[in-house]
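Bear in mind these aren't lab numbers, they're just calculated from the coordinates by the rules spelled out. The structure displayed is predicted, hence computed values, not measured ones. Positions of Cβ are generated from backbone atoms using ideal geometry, with glycine treated the same way; all protein chains shown enter the neighbour counts.
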Amino acid sequence: MKASDLFVKALEAEGVEYVFGIPGEENLDLLESLRTSSIRLILTRHEQAAGFMAATYGRLTGRAGVCLATLGPGATNFVTPAAYAQLGGMPMLMLTGQKPVKLSKQGHFQIVDVVDMMKPLTKYTRQIVSADNIPARVRESFRRAEEERPGAAHLELPEDIARDETDAILLPASYHRRPIADDKAIAHAAAAIREAKRPLLMIGAGANRKTCSKMLREFVDHTGIPFFTTQMGKGVIDEHHPLWLGNAALSDGDFVHRAIEQADCIVNCGHDVIEKPPFFMRRGLRTVIHVNFCSAEVDTVYFPQIEVVGDVANTVWQLKQSVAPQPHWDFAWFDTVRRHLEAHLARGADDARFPIHPVRLVADVRACMPDNGILCLDNGMYKLWFARYYRSRQPNTLLLDNALATMGAGLPSAIAAKIVHPQRKVVAVAGDGGFLMNSQELETAVRLGLDLTVLLLRDDAYGMIKWKQAHMQFPNFGMDMGNPDFVRYAQAYGAQGHRPGSTAEFAPLLAHCLDTPGMHLIDVPIDYSDNDRVLNHEIRELSRAI
């Protein structure tokens, strides 16, 4: 069998459905093998976008998404998606080509050491130097990418190896189950929770990766312990739950931080230090229990006193069995915080100013989106508003990046989400800065016939950095820019472009786009003038006044 055929059969054996990317001449044997396989090639307009799509596929399915590029400039365009997947805990396999390794006739034309480049960005990277090694290399790359903590893997297939003949056979995946936590660790953690006066539950990214939602909801309902989430933990438990205390969207000073200050035991389920700290630990103030698939990575603000390492869902189930509501628990302060939070989150939801105010925007989007609809956020100022005000009702329905926090991922991620869940409503939310970094993928979405909406929030600037520049009392410099006519821009790709003329027009327009087949872009001017007043002053003043 030709090596490229064996490689593709190995991908099929791993359950690969799609390969996202742009082939080059060094991939032509592999491309021909893909042509006759069960795997669908999703041709993109940029390798970076292909990587974001593969990572999002992995995030939503738990199986490694696969992306393809040629050597040199194609491979270097995978650097940002590699970091995106690695920091975000998203299983992904990158495939790149290379010139012949047994006999080169072109010197060093286009050649960079891609394997060496990928080492600090991946869990596993190898050049395939023998066709006979393909089964082992493919199996190991998927195992590494998908096991906890998930991340990026990379394989380089040189063109002369791809056309070699081999009689190697595939290696099946071994049967395995994630290990469960030690009984003594469970008992130690359960005792700490029972003995606390004001225990609190925090839900992080790790609890959003596996099927932890049911167990965590049962734990909260059984114990009555209030909970809050990190940005990447949103939706694990319905945020309309009466024990929800908010999201750690801001670093400090929010309502949720008033609750954290009073907690004497915090159970961190799935916390990952890659995310911005949801709270700052100080010695002696409280007991912190680390519940995760992997042991804690200690740094200056995270040094848990108790670690329970093993399958998170099983750990939570065991804790539920071991912890009954205690008569000395006192949640009165948390109840007060929640009442004030609820009142504050409702403020501004009916603001009629135009350009639209962020609170009104989030409220209208939430009202239009079904419970299982998926929002894919790019990175910008709006991320803080959505993290704080958008109440997620199901896991992985607000996809934001609080790890690498890269711009340009919103539209590619939404394309992948729609491919994975074709029956669900999917909206990409992007600022004008991030959108134009991968806006060419509008053509990809149109070509694939996807029913997808892009919500483009236009402030004609790199808004988040402009806000921080002003907050640090620097003069406005280097952040303002011009933009194309986004309605006509979308139409040029074969999409439908829309622009509301008032805030009142926005929600009906979004509802129309969600219910109308095809690719839609809504150009919405947004007013960020309240960033500092609300996020820096009003929230802190109101939360301190509790």
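Some points to look at:
- Euclidean distance of C-alpha centroids, the stretch 392-441 and the stretch 248-317, integer Å: 27
- Compared with the direct C-alpha span, the chain from His241 to Ile180 gains 19.1 nm at full extension, assuming 0.36 nm per residue.
- In order along the stretch 314-331, the Karplus-derived 3J(HN,Hα) couplings, from 6.51 cos²θ - 1.76 cosθ + 1.60 at θ = phi - 60°, round to 5, 4, 5, 4, 5, 5, 4, 5, 9, 10, 9, x, 9, x, 8, 5, 10, 9 Hz, and Gly and Pro are given as x.
- Rg and Dmax over the alpha-carbon atoms of the stretch 141-266 stand at 21.3, 68 Å.
- Here the convex hull built on the C-alpha positions of the stretch 444-546 has a volume of 147 cubic angstrom per residue.
- Three-way shape label, the stretch 124-182, alpha-carbon gyration tensor, a/c 1.5: oblate
- Semi-axis lengths, Å, the stretch 67-144, gyration tensor of Cα atoms, sqrt of 5 times eigenvalues: 22, 17, 9
- Least to most buried among Glu541, Glu441 (fewest other Cβ within 10 Å first): Glu541, Glu441
- Of all DSSP beta bridges in the chain, antiparallel share, percent nearest 5: 5
- Pairs exceeding 25 Å between alpha-carbon atoms, taken from Lys425/Lys468; Lys102/Lys123; Lys123/Lys320; Lys234/Lys466; Lys119/Lys468; Lys234/Lys276: Lys425/Lys468; Lys102/Lys123; Lys123/Lys320; Lys234/Lys466; Lys119/Lys468.
- Share of alpha-carbon pairs per 5 Å distance bin for the stretch 315-434, given as whole %: 2, 10, 15, 17, 16, 13, 11, 9, 5, 2, 0
- Note on the stretch 379-437: the alpha carbon radius of gyration divided by the globular reference 2.2 N^0.38 Å gives 1.11.
- Here's how it looks for Leu41: its modeled amide H is under 5 Å from those of Val19, which are all 5 or more places away or on a different chain.
- Here, the chain yields an orientationally averaged convex hull projection of 25.9 nm² when only Cα atoms define the hull.
- Exposure proxy order (Cβ contacts within 10 Å, fewest to most) of His357, His344, His108, His421: His108, His421, His344, His357
- The fewest-to-most ranking of Lys2, Lys102, Lys214 by surrounding Cβ atoms within 10 Å reads Lys102, Lys214, Lys2.
- Legend: P(r) of the stretch 458-510 from all alpha carbon pair distances, 10 Å bins from 0, whole percents, reading 21, 31, 31, 16, 1.
- Environment charge at Leu509 (Cβ cut-off 13 Å; Lys +1, Arg +1, Asp -1, Glu -1): -3
- Electrostatic tally near His257: other residues with Cβ closer than 11 Å to its Cβ, Lys and Arg +1, Asp and Glu -1, net 0.
- Enclosing the Cα atoms of the stretch 3-162 in their convex hull gives a volume equal to 89 cubic angstrom per residue.
- Rounded, prolate or oblate (a/c below 1.5 giving rounded, otherwise prolate when a/b exceeds b/c) for the stretch 183-340 by Cα gyration tensor: rounded
- Percent of Cα pairs exceeding the 30 Å cut-off, where the set is the stretch 347-537: 13
- Each DSSP beta bridge with both residues in the stretch 183-340 is either parallel or antiparallel, and the antiparallel ones are about 5%.
- Treating r as the C-beta distance of Asn536 and Thr516 and R0 as 41 Å, the FRET efficiency rounds to 0.55.
- A simple rule links phi to the HN-Hα coupling: the Karplus curve 6.51 cos²θ - 1.76 cosθ + 1.60 with θ = phi - 60°, which for the stretch 353-368 gives 4, 9, x, 5, 7, x, 5, 5, 4, 4, 4, 5, 5, 4, 5, 8 Hz, with x for Gly and Pro.
- Restricting the calculation to Cα atoms, the stretch 242-299 yields a radius of gyration followed by a Dmax of 11.6, 33 Å.
- 5 angstrom amide H check on Leu68, placed H, neighbours 5+ away: Phe20, Gly21, Ile22, Leu95
- Compactness ratio for the stretch 488-546: Cα radius of gyration over 2.2 N^0.38 Å (N = residue count) comes to 1.68.
- In whole percents, the pair-distance distribution calculated for the stretch 1-50 from its alpha-carbon pairs, binned every 10 Å from zero, is 27, 55, 17, 0.
- Those residues of the stretch 192-214 whose amide nitrogen sits under 17 Å from the label point placed on Asp299, 7 Å along Cα→Cβ: 204-206
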